[in-house]
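Okay, so here's the structure we're looking at.
The values are calculated or read from the model by the stated rules, or taken from the named source; none is laboratory data. In this text, all values refer to a predicted model and were calculated from it rather than measured experimentally. All Cβ positions, even for glycine, are placed from backbone atoms using ideal geometry, and neighbour counts span all protein chains on display. The accessibility values were calculated without ligands, DNA or RNA, using every heavy atom of the protein model including side chains. Shrake-Rupley method; radii C 1.70, N 1.55, O 1.52, S 1.80 Å.
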Amino acid sequence: MIGLVLVSHSAALATGLAELVGQMAPAVPVVPAGGDVDGGLGTSADRVADAMAAADRGAGVVVLYDLGSARMAAELALEFAEPELADRTRLVDASFVEGAVAAGAAAAGEQALDQVAAAARTTAAGGPAADGAPAPTAAAQSDGTAAVTERLVLTDPAGLHARPSAAVVRALAGLDATVTVTAGDVVASAASLSALLRLAAPVGTEVLVAGSGRDAALAVPRVVAALSSATGEQVPAETVATRPGVVGAAPGRRSGPLHRPGAAGIEPPAETFAGAATERGRLAAALRQAGDQLVGGGDITEAHRVLLADPELTGAADELIGTGVPAASAWWRVVRRTADQLAASGDAVIAGRAVDVVDVGQRVLGALLGRPVRPEVPAGAVLLADDLAPSLVPELVEAGVVGFVLRAGGVRGHAAVLARAAGVPMVVAAGDTLDAVPDGTPVLVDGGTGEVLVSPDESAAVSTPPARTVPRTTRIRRSDGGELRLSANVGSVADAEAAVAAGAAGVGLVRTELAFTGRSALPDEDEQVEWLSAVLAACPEGPVVVRTVDLGGDKPVPGLRLDPVRHGFLGERGLRLCLARPALFATHLRAVLRAAAMRPIELMFPFVTEPAELAAARSALAAAVASLRADGTAYAEPTAVGIMVEIPTAALRPAPFLPDVDFVSVGSNDLVQYLTAADRTVPEVAAVYRAGEALVPDLVAGLVAAAAPAGVPVAVCGDLAGDPEYAALLRTAGVAELSMAAPLLAGVRAALAD
Ligand code: PEP
Ligand code: MG
């Protein structure tokens, strides 16, 4: 593989560009050589020489530079280099950024040294195949060898988009040929992904593929084949759009027209201008936050990432801010103007990008205004999205979405948890499986098997009734004579009603964070009391376990603007976050205790790592009780206090906690991700995660054995509780309660009914 060296007067520029190329061509060694020896502005031959040695894998190195004197540093470095390395090094005059990207794509396609150098050169002003250069035939024949040409018409509905373009670049791997693809009067090097993309050739375009060089006769048909096999794939009716790795995350079979969410419809409010520096800072922070929200690495997500860094968009917004326009209005004006220009282009492919611009624009606007962006979805639709903020799932279900297909997402992520709770099928980790299926095509989602049937026939398309009308669930007797309660997890009034309908014996988990997520400001004490009282009023009879708020991880709270790393899965989340913000915790505990005045509750602290945290949480609880008593406000203390066991420290060594708890409840969703170091929301590690689930029954059995002498019952409220096979193993392990999404109760009851 050819390596790249990027020589710039600015270390930051070289490093940033290396990162950009690395994103597009991760396997290619790209080494930045920016700045002088002290890291200041300038260049250093020593640095370039080191970078050349580091980038070389034996096949050669292409060196690009930004300004003339950077070339001098590179030439000097070449003089010092080992003769063999010097022989296989090419210094290339090219557009620094575009040349590096083109060379990266060519190197990733395993092209030879001179081809990689040529790919970079095609981007130089006045280069042999610069975009916009006229007529292809001359370029193809200029080296004196016989030119090979072939024409074809693009039949992919999405035109010449990223995937077929990448296939074209790869098709040239190892061949000695210069190939161009021409659409209209624009010619692009077939070795350059970015040049091919800029052709923006829509379906129906006639393209000319022209090649010259020793292997042209081989190369041209390969490029044509790549274009044809990546195109013309109209999705046939009756296709099961499933593939390894795609998994069902919420059971049920429902059908409806496929829908990709469009603009969410947030408009910037009339606001006062807070000064250019402040407004620019706000925009920069919102752009960062919007970038952090993008998950996965699909074509569309990548396009959105690129748009967030688009200097034309940010530069224009910056200019407007300079004239006194507040950040939100400035940003939105630029987004609208750009989207309108694209939509008016008359070219379907380019117009299609308008949707992406508005989508990204809304995301940034949402971040600026502290509001989650809810996609517009017609009732009855199956939603196809990259991933979903968990708080949006209940809202979308309420808006009539009948099924979810997520390109990313994990089976134990909160979006999936909430889809199961709502009884709406969800398939996750679908990648690009459905990307070629047009909006409006009927699809059937089977959230049990992970299958998505495109254009299903009538009989398959019959929607199964919502899973909420299941028979009443009872209490189960364990073989050791103890009782096993089958309870429901609840995060809304609708969930509580579903728990009643499903005959839950109680509620093993109230996820109070759902009062926090999906809103722009933190709920105050009264608002929390109102939310929790409504939920408690709707809960079934039997014990109700309220969990104190579990924020952070994959549950962002717009009102708190949590840093995704510092408050991510391994950061300050759950109880840690509450203990670090005593005012927030005090308000929350007061609200829970006030709501408890209307019906008795048990209280549970999430994400407990150490006994000291439990002690601190108990003191905060005592302080909240004291403050309510001092106020003379009505409240009730919990009838029991417990902890979630969802961190390996607590699962493996429960003894120190037992004297201070009335019960423990195992959060298997988190416990497994921490045991396996496999993020519960990342599809790429879903297999590792799932394999780790097998550890849970033994751990729970150990927990039961440790807790029984202390008279402490063990519950499980993670999703394994709702999996019929695991439910049976957990019963054998001796748990006192399995708490799950209400629609799963019927299946578990059936599995345990022997
Ligand atoms: C768990 O981790 O298993 C759990 C029930 O909590 P949550 O899914 O809300 O993190
Ligand atoms: Mg958890």
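Here are the numbers for this structure:
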quantity	calculated
Quarter of Cα convex hull surface for segment 656-754, i.e. mean projection, nm²	6.8 nm²
Of all accessible heavy-atom area on segment 1-126, the percent that carbon and sulfur account for (1.4 Å)	55 percent
Long-range HN-HN contacts of THR89 with modeled amide H, under 5 Å	VAL61
Solvent-free Debye scattering, log10 I(q)/I(0), computed from the Cα coordinates of the chain at q = 0.05 Å⁻¹	-0.32
Candidate residues MET52, MET24, MET1: accessible-area rank, largest first, probe 1.4 Å	MET24, MET1, MET52
Full-stretch length increase - ASP292, ARG333 - with 0.36 nm per residue and alpha-carbon distance subtracted	12.5 nm
Inter-probe distance in nm under a simple model that places probes 7 Å from Cα toward Cβ, at ALA750 and GLU75	7.9 nm
Per residue value of the accessible surface for segment 485-752 (all protein chains in place, 1.4 Å probe), Å²	35 Å²
Local net charge near ASP93, Cβ-Cβ under 10 Å (Lys/Arg +1, Asp/Glu -1)	+2
Geometric extent, Cα atoms of segment 485-752 - Rg, Dmax (angstrom)	17.4, 53
Ellipsoid semi-axes in whole angstrom, largest first, where each is sqrt(5λ) of the Cα gyration tensor of segment 1-126	19, 16, 13
Loop sites in segment 517-565: GluC sites (Glu not before Pro), DSSP, at most 13 other Cβ within 10 Å	GLU541
Solvent exposure ordering (accessible area, 1.4 Å, most first) of SER192, SER455	SER455, SER192
Value at 222 nm in deg cm²/dmol, rounded to 500, when DSSP H runs of n ≥ 4 in the chain each add -39,500 (n - 2.57)	-12500 deg cm²/dmol
Heavy atoms of CYS539 accessible to a 1.4 Å probe, total area in Å² rounded to 10	10 Å²
